[in-house]
Amino acid sequence: MTTTDMPRPVDADRGRAVSKKRPRGAATGGLRRAVPATTLLWVLACLYGLPVLWFILSSLKPASDLFSYPLTLVPHDPTLSGFKAAWDSANFSQYFINTTIVCVITTILTVGVSCCTGYALAKYDNKWLKVFFLCILATTMLPSEVMLAPEFLVVRDLGLYNSFAGIILPAVLTATGCFMFRQFFLTVPDELVEAARIDGARELSIFLRIMVPLSRPIMLTLAILSFQWRWNDYIWPLLMLNDPNKFTVQIGIQSIVGAQNINWSVLLGASVISMIPLIAIFLVFQRYVMGADINAGLKD
């Protein structure tokens, strides 16, 4: 007589029924932990979003209603006159073209240089590379105003004054970008690189075919940040440019501000116009950043 270890159908059904049951306190405990965190996020969203909402709605108000008492959030008579006056009072089309050229070129160079630098700092063991990394981090400890004078002298002596190259080149290498890529490449197992070397892949092929595709989420994140930094940059273009045909958006907004009187309706309209490209870029690329799998292609 033989026996088998196969469970009876009744026992199997009973086991599945038991396995489907969840502890009574599991759902309640998860809900209790989620409520404080969700509440805190909503509070922070309101704190950050209310000034922005007030700013955008104020741009739709006539100049006479901006400082009327009592203050109101929603405009009584919405108007686009501030936007039209801002667009007509300055050469915004040229400003947008100039700023787009600077931002796109700087972003591409920043992502490429930061990716190469971060990979070298993470995957090559050399004491001088560590010293170089410390020097890069040291630049974050100095206020940007301290480095304006020496940077201006260097760029001027190179003959790049009053040119887009004088704005782009000093902004290519950023400590934030190098640090982001270095920290990411440190999480990539060294065995992956060694396996590629054993298969006969060269260093450049390893970097371009393996490391660059894996770092796509970091590249997109840094691209958005770099574009935002360059679009909102004001001090450095103001020092480097004296030709009105080369002005960027932020300098153009400042040029419409009078020395004595400020037309706040025009200023608010111009500021909202300058925000539109940044909002559009974030809305387009955020799903790639949020939905990207940073650990794609890696196994534990």
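The values are calculated or read from the model by the stated rules, or taken from the named source; none is laboratory data. Just so we're clear, the structure is a prediction, and the values are computed from it rather than from any experiment. Positions of Cβ are generated from backbone atoms using ideal geometry, with glycine treated the same way; all protein chains shown enter the neighbour counts. Side chains are part of the model used for accessible areas, which takes the heavy atoms of the whole protein and leaves out ligands, DNA and RNA. Shrake-Rupley method; radii C 1.70, N 1.55, O 1.52, S 1.80 Å.
Points worth noting:
- Scan of region 108-132 for residues that are outside any helix (DSSP H, G or I) and hydroxyl-bearing (S, T, Y), ordered by number: Y124
- Residues satisfying the stated conditions in region 49-69, i.e. free of Cβ contacts under 8 Å to residues at least 12 places away in the same chain, surrounded by 10 or more Cβ atoms within 10 Å (Cβ to Cβ) and part of a helix (DSSP H, G or I): G49, L50, V52
- Candidate set from region 186-205 (those that are of a type in the set (V, I, T) and loosely packed, with under 14 Cβ neighbours inside 10 Å); member that is nearest to the chain's Cα centre (by Cα): T187
- Pairs where the first residue, in region 181-209, is over 17 Å from G112 (Cβ atoms) and the second is of a type in the set (D, E, K, R) and open to solvent by 90 Å² or more (accessible area, probe 1.4 Å), C-beta under 8 Å, 6+ apart: A201/R209
- Residue under evaluation V154, criteria (1) open to solvent by 70 Å² or more (accessible area, probe 1.4 Å); (2) within 16 Å of R230 (Cα to Cα), criterion not met: (2)
- Scan of region 167-185 for residues that are touching a Phe, Trp or Tyr at 6+ places or on another chain (Cβ under 9 Å) and open to solvent by less than 40 Å² (accessible area, probe 1.4 Å), ordered by number: I167, A171, T174, C178, F181, F185
- Residue tally, condition surrounded by fewer than 17 Cβ atoms within 10 Å (Cβ to Cβ) and at pLDDT below 90, over region 95-126: 3
- Just one residue in the set V266, V284, V272, V289 is modelled with pLDDT under 80 and not in a loop (DSSP other than H, G, I, E, B); that residue is V289.
- Enumeration of residues in region 173-214 that are outside any helix (DSSP H, G or I) and either farther than 29 Å from E151 by Cβ or at pLDDT 90 or above (or both): V188, P189, D199, G200, A201, R202
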